[in-house]
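Beneath this line is the structure, given in structure tokens, with notes to follow.
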Amino acid sequence: MDKKRTQWGSNFGFIMSAIGSAVGLGNIWAFPFKMGQNGGFAFLIVYVILAVFVGLMIMVSELAIGRRTKLGVLGAYQKISKRFGWIGWLAVLSPLILLSFYCVLGGYCVEYMCYNLSEVAFGVGAGAADAGETIFSNMLSNQLGALIFALIFLGMCVIIVKNGIKGGIEKFNKIGMPALFVMLIIIIIRAVTLPGASEGIKFMLEPNLEPLKNDFIGVISTAGCQMFLSLSLAMGAMVTYGSYLGNKENIVKSAGTIIFADTLVAVLAGFAVLPAAFALNGSEAVLSGPKLLFITLQDVFNQMGFVGPIFGVIFYLLVIIAAVSSAISLLEVIATMIIDKREAKNKPVDRVKITAYICIPVVFLMAIVAIDGLGANGMWTPFSKSVGIIGSFNDCWLDFFDTLAEGILMPIGGLLMAIMIGWEYGTENIRDEIMLEGNKFKLYKLYRVCIRFVVPVMMLLILFGQISEIFGLKLL
Ligand code: PHE
């Protein structure tokens, strides 16, 4: 049991991995549209305020709890709290659910990359300006294909996670994240120079106070939910990554850097996707969710002539990297939890076997989502209203899982965590952890007030916002 816990190889490696977890589909296909729809620049300000007063506080807490207990999320919660130890289970269940549809969506991205690659090679379909819709619906109804590619995506994640924190996750992100950034810049340069691009930028940035005036709680709830998902909070990811941190690491500074980078990529993604989408059909184009990526943008690439598929390959590869780096953090939450349990019982730890076992429930859930094909194949679904930010089809299994994980489990997990730290475990324990090895915690007083009061109130608002939307009630 007193075997020394693995640590990240470097500060850069840890930061890249945490940014990798944060930067995902949420940044690329949800944030730009949410921002444009909910007040533009005004929404960004609300988002940043929430990210600082709620997101930063929770992220700091998660990293500190992980490092203090040196355990994954389940063990960590059980160690620090008698009453709330069971929240750890929420943080194990949600990643499992999220992973199931992340793999299917990641698989779709692999399919689209291959499609564009085949166009580079053979010029297939070049010039078919509105091919996007057909390719997309063919892909959705091709259930076996969707399942195979979801398995390929999961396989890539397994290969990374089985190699461990340093040799797998850190190695991948150290190369993947800078590469993603470079690819994003290439796509932005192409997108903003398309005719009509300025409309897209205007849609995203133009400040508009109307949404805030008309539905303040709705905007807060949207921004809060987006922020939670985007920063990978209340899913055990940051507790898990934190458990591999060395004591020298400045947790507050790291959390600030992760949040800054995640928000930057979200806004930059807007510059990559919205100008292109608007250049195609103005505001008529689908601007968010899977349809943005798989119909609107594919049409844009198809209209660019022979360079189109090259940009297509770069773009879908970028999205694949973003999705893989998030999915591996979800897989690692569960892997670390099992490894900790086995180590505690002095049982042998075989990462390859453990990762393979985790795939059993993931493949089962993933198969449901893949076969359902975003509702295209007429399967029965549990309920119809979606509030998640990843989905947006309604009436499909992906949206059901998404709503369950990010609409309900995540805000409940965040709320209970803040109550546990603020009112039971004690913020001073977090402070002591953060201040190890001479690190400062200048924001401590603010942190204490936020965790005890601001975060729980905001989490309640977010939760009420979600529930009222799911059930069509007007609670507030
Ligand atoms: N942050 C990811 C995104 O923006 C989603 C995610 C949540 C990944 C929680 C890992 C853990 O899409």
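The values are calculated or read from the model by the stated rules, or taken from the named source; none is laboratory data. Treat the numbers as computed from the prediction; the structure is a model and nothing was measured. Cβ: placed from backbone, ideal geometry, glycine included. Neighbour counts: every protein chain shown. For accessibility, only protein heavy atoms count, side chains too; no ligands or nucleic acids. Shrake-Rupley method; radii C 1.70, N 1.55, O 1.52, S 1.80 Å.
Of all residues in the range 394-411, none are at negative phi and open to solvent by 60 Å² or more (accessible area, probe 1.4 Å). Being touching a residue at least 40 places away in the same chain (Cβ under 8 Å), among the hydrophobic types (A, V, I, L, M, F, W, C) and either part of a helix (DSSP H, G or I) or touching a Cys at 6+ places or on another chain (Cβ under 8 Å) (or both) holds for only one residue in Ala76, Ala121, and it is Ala76.
Annotation: Asn163 fulfils all but one of (1) closer than 29 Å to Tyr47 by Cα; (2) open to solvent by 10 Å² or more (accessible area, probe 1.4 Å); the unmet one is (1).
Looking for whichever is within 16 Å of the ligand (Cβ to nearest atom), in a helix (DSSP H, G or I) and closer than 30 Å to Leu297 by Cα here; the options are Ser61, Ser100. Which one fits? Full working, then the answer.
Working: Ser61 fails: closer than 30 Å to Leu297 by Cα.
One residue alone meets the criteria, Ser100.
Per-residue answers, yes or no, for (1) modelled with pLDDT under 95; (2) more than 16 Å from the ligand (Cβ to nearest atom); (3) in a loop (DSSP other than H, G, I, E, B):
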residue: Ile358; (1), (2), (3): no, no, no
residue: Val363; (1), (2), (3): no, yes, no
residue: Phe383; (1), (2), (3): yes, yes, yes
residue: Asp399; (1), (2), (3): yes, no, no
residue: Ile412; (1), (2), (3): yes, no, no
residue: Ile419; (1), (2), (3): no, yes, no
residue: Pro456; (1), (2), (3): no, yes, no
residue: Phe464; (1), (2), (3): yes, yes, no
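Among residues belonging to the range 424-438 that are touching a residue at least 40 places away in the same chain (Cβ under 8 Å) and exposed (fewer than 14 other Cβ atoms within 10 Å of the Cβ), point out the one that is nearest to the chain's Cα centre (by Cα). So that I can check it myself, show each step before the final result.
In the first step, residues of the range 424-438 are kept if they are touching a residue at least 40 places away in the same chain (Cβ under 8 Å); the result is 424-425, 429-430, 433-434, 436-437.
Filter once more, keeping what is exposed (fewer than 14 other Cβ atoms within 10 Å of the Cβ): 424, 437.
Details: Glu424: 29, Glu437: 32 Å.
In this case the residue turns out to be Glu424.
Within the span defined as the range 80-90, one or more residues are of a type in the set (A, V, I, L, M), farther than 30 Å from Leu205 by Cβ and within 16 Å of the ligand (Cβ to nearest atom).
With the structure loaded, tell me whether Leu293 is within 14 Å of the ligand (Cβ to nearest atom) and either more than 17 Å from Ala131 (Cα to Cα) or among the polar types (S, T, N, Q) (or both) or whether it fails that test. Working first, answer last.
Numbers: within 14 Å of the ligand (Cβ to nearest atom): yes; either more than 17 Å from Ala131 (Cα to Cα) or among the polar types (S, T, N, Q) (or both): no.
It is false that Leu293 is within 14 Å of the ligand (Cβ to nearest atom) and either more than 17 Å from Ala131 (Cα to Cα) or among the polar types (S, T, N, Q) (or both).
Quick check on this structure: which one of Gly200, Gly256 is more than 14 Å from the ligand (Cβ to nearest atom), under 30 Å from Thr296 (Cβ atoms) and touching a helix residue (DSSP H, G or I) at 6+ places or on another chain (Cβ under 7 Å)?
Just one listed residue meets the conditions, Gly200.
Each row is one residue, and each column tells you yes or no for (1) away from the ligand (no atom under 16 Å from the Cβ); (2) open to solvent by less than 40 Å² (accessible area, probe 1.4 Å); (3) more than 23 Å from the chain's Cα centre (by Cα).
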| site | (1), (2), (3) |
| --- | --- |
| Asp262 | no, yes, no |
| Ala266 | no, yes, no |
| Glu284 | yes, no, yes |
| Gly308 | yes, yes, yes |
| Ala344 | yes, no, yes |
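Is one or more of the residues making up the range 311-326 away from the ligand (no atom under 15 Å from the Cβ), of a type outside the set (A, V, I, L, M, F, W, C) and in contact (Cβ under 8 Å) with a residue 24 or more places away in the chain? Yes: one or more hits.
What residue, of Ile148, Ile152, Ile160, is modelled with pLDDT of 95 or more and in contact with a Phe, Trp or Tyr (Cβ under 6 Å, 6 or more places away or on another chain)?
Exactly one of Ile148, Ile152, Ile160 is modelled with pLDDT of 95 or more and in contact with a Phe, Trp or Tyr (Cβ under 6 Å, 6 or more places away or on another chain), namely Ile160.
Within the range 212-224, the residues that satisfy the criterion of being modelled with pLDDT under 90 and either within 16 Å of the ligand (Cβ to nearest atom) or among the charged types (D, E, K, R) (or both) are Asp215, Thr222. Of the residues making up the range 4-44, those that are among the basic types (Lys, Arg) and part of a loop (DSSP other than H, G, I, E, B) are Lys4, Arg5.
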